[in-house]
Amino acid sequence: MNITGIYATPGYSGFFFDDQRAIKQGAEHDGFTYEGEPVTDGFDEIRQAGETIIVDIELADGTVVRGDCAAVQYSGAGGRDPLFKAEEYAPVIEGPVADELEGRDATEFLDNAELLEELQVDGDRLHTAIRYGVSQALLAAAAEAEKTTQTDVMADALGTEPATEPVPVFGQSGDDRYNNTEKMFVKGVPVLPHALINSVEKIGENGEVLLEYVEWLVERSQELGPEGYEPRFHIDVYGMIGEIFGAPYDRDEVVDYFAALEEAAAPYPIQIEGPMDVGDRADQIDAMVELREGLDAANVGVDIVADEWCNTFEDVQAFVDAGAADLVQVKTPDLGGIHRSGQAVRYCDGTDTRAYLGGTCNETETSARACAHVALATNAAQVLAKPGMGFDEGYMIVENEMRRTVARRKREQLPTDAETDEVTADD
């Protein structure tokens, strides 16, 4: 079935764009927004509404499927593509992108996605958000044309065997790290709470505030969680352990702190995302290898998660090849085409590094559902609940999409009555 039309409609995403450089330079909160002037190109305010482009692909039978373009909250930072403005980029989708894709066979998902990935306009590759959103629509188009699930289309493209149960979902609390986390406990969320530990105030001058929080996690999980609940704690510290301790990261003081985190989390496992941020990819890898070697030598069982300086497919490869992390976050919008996120997860297969299919709070329900299919197709270690920072909505979207897909695949794999009769007759 051929693609007959591609349409772009500007819309809103699930959170906001923030000028990370301005915030790091000391911009102060003004209620929900920030005071001061932005410093990153493209920003009109330090915090401004997140944007998306709703991509509709029309097929020859009149069916219309969707994908949503999205960019991360801290757009334009750390080597990422510039701030994504929907009104600016919508004509690119309805122009050069449509010109290339209209008339193509919708069932050829991987070929279509790769064509999009390599397409250039005026000598430049397409913005990552365009590649991300249009490729979601291409995935949905292939599933519709083949009358199957997006999980199966992605699995066929990557040569994988899909998961037979939902992938563990990672809940994100935002700054409401107590109330939102209690909601996660009640719902039995398997990986939690992120916690947004991005200041000395939140971690403590010697790390004591975070230790107290981890102890609280254990206590409340046992009080509120369902019977048999065994959560995995995942906390993003935004480099703050490096800020309060400094290098070298394999010395006793640092290792002892991680041992204290492990003890505070017992009997549950704990993983720490972004323990330090040293300024570039090569030095970040070296620092994380140093930390992991120190923890291993001391038999400390805290897993380390790569985030800072691990944005692109090539970054994921570099961290995995160096053995710099127990998990790498695959930040879906930053990789461009959604198949690239699947390929990044697959790159972890056969290594000592697990893949966390992440992304951003600044996505949409459509992109979150598409990522749920990537998680199932690749059997990722965990997948982020998104979009937004309220937890409940994002968890519902991702968890339910996986559950309905798993249930559909199981129904479709059951033998028909005729097949059952045939087997009985042969016996």
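The values are calculated or read from the model by the stated rules, or taken from the named source; none is laboratory data. Model, not experiment: these values are computed from the prediction. For neighbour counting, all protein chains shown are included, and Cβ atoms are generated from backbone atoms with ideal geometry for every residue, glycine included. Please note that ligands, DNA and RNA were not included when accessible areas were found on the heavy atoms of the full protein model with its side chains. Shrake-Rupley method; radii C 1.70, N 1.55, O 1.52, S 1.80 Å.
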- Note on the structure: Considering the stretch 327-352, residues that are buried (at least 23 other Cβ atoms within 10 Å of the Cβ) and of a type in the set (S, T, N, Q), and then whichever is farthest from the chain's Cα centre (by Cα), we arrive at 341
- Taking the stretch 162-188 and keeping only residues that are closer than 30 Å to residue 110 by Cα and either polar (S, T, N, Q) or in a loop (DSSP other than H, G, I, E, B) (or both), one is left with 162, 163, 164, 165, 166, 167, 168
- Query: Is there a residue being open to solvent by less than 20 Å² (accessible area, probe 1.4 Å), in contact with a His (Cβ under 9 Å, 6 or more places away or on another chain), of a type outside the set (Val, Ile, Thr) and under 24 Å from residue 359 (Cβ atoms) anywhere in the stretch 214-228?
  - Reply: no
- Message: Restricting to the stretch 130-142, name every residue that is among the small types (Gly, Ala, Ser) and open to solvent by less than 10 Å² (accessible area, probe 1.4 Å).
- Response: 133, 135, 137, 141, 142
- Query: Can you tell me which residue in the stretch 143-156 is surrounded by the fewest Cβ atoms within 10 Å (Cβ to Cβ), limited to those that are closer than 20 Å to residue 64 by Cβ and of a type outside the set (Gly, Ala, Ser)?
  - Reply: 147
- Task: Considering only the stretch 9-37, state which residues are over 24 Å from residue 240 (Cβ atoms) and open to solvent by less than 30 Å² (accessible area, probe 1.4 Å).
- Result: 11, 13
- Task: Out of 97, 92, report the one residue that is in contact with a strand residue (DSSP E or B) (Cβ under 7 Å, 6 or more places away or on another chain), open to solvent by less than 10 Å² (accessible area, probe 1.4 Å) and on the phi < 0 side of the Ramachandran plot.
- Result: 97
- Message: Looking at (1) within 30 Å of residue 110 (Cα to Cα); (2) surrounded by 15 or more Cβ atoms within 10 Å (Cβ to Cβ), which one does residue 159 not meet, given that it meets all the others?
- Response: (2)
- Task: Name every residue in the stretch 189-206 that is assigned to a loop (DSSP other than H, G, I, E, B) and in contact with a strand residue (DSSP E or B) (Cβ under 7 Å, 6 or more places away or on another chain), in order of residue number.
- Result: 189, 190, 195, 196, 197
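Go over the candidates 58, 87 one by one and state the one that is more than 22 Å from residue 331 (Cβ to Cβ) and loosely packed, with under 15 Cβ neighbours inside 10 Å.
Details: 58 fails: loosely packed, with under 15 Cβ neighbours inside 10 Å.
Result: 87 is the single residue among 58, 87 that is more than 22 Å from residue 331 (Cβ to Cβ) and loosely packed, with under 15 Cβ neighbours inside 10 Å.
Give the stretch 342-369 a look and list any residue that's closer than 17 Å to residue 394 by Cβ and of a type in the set (Ser, Thr, Tyr), or say none.
Hits for the stretch 342-369 are 356, 360, 364, 366, 367.
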- Message: Can you report the number of residues in the stretch 184-196 which are touching a Leu at 6+ places or on another chain (Cβ under 6 Å) and crowded, with 16+ Cβ neighbours inside 10 Å?
- Response: 2
- Query: Can residue 201 be described as without any contact (Cβ under 8 Å) to a residue 12 or more places away in the chain and either among the charged types (D, E, K, R) or out of contact with any His (no Cβ under 6 Å at 6 or more places or on another chain) (or both)?
  - Reply: yes
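From the list 250, 303, which residue is out of contact with any strand residue (DSSP E or B) (no Cβ under 8 Å at 6 or more places or on another chain) and either over 14 Å from residue 325 (Cα atoms) or at pLDDT 95 or above (or both)? Give the steps one after another, and end with the answer.
Values: 303 fails: out of contact with any strand residue (DSSP E or B) (no Cβ under 8 Å at 6 or more places or on another chain).
Step by step, each of 250, 303 is checked, and only 250 is out of contact with any strand residue (DSSP E or B) (no Cβ under 8 Å at 6 or more places or on another chain) and either over 14 Å from residue 325 (Cα atoms) or at pLDDT 95 or above (or both).
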- Report yes if residue 46 is among the β-branched types (Val, Ile, Thr), touching a helix residue (DSSP H, G or I) at 6+ places or on another chain (Cβ under 6 Å) and farther than 12 Å from residue 6 by Cα, otherwise no. yes
- Item | Residues of the stretch 207-253 classified as among the acidic types (Asp, Glu), more than 16 Å from residue 189 (Cα to Cα) and assigned to a helix (DSSP H, G or I), total | 6
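Results for (1) polar (S, T, N, Q); (2) in contact with an Asp or Glu (Cβ under 8 Å, 6 or more places away or on another chain), shown as yes or no for each residue.
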position	(1), (2)
107	yes, yes
111	no, no
114	no, no
118	no, no
132	no, no
137	no, yes
141	no, no
144	no, no
159	no, no
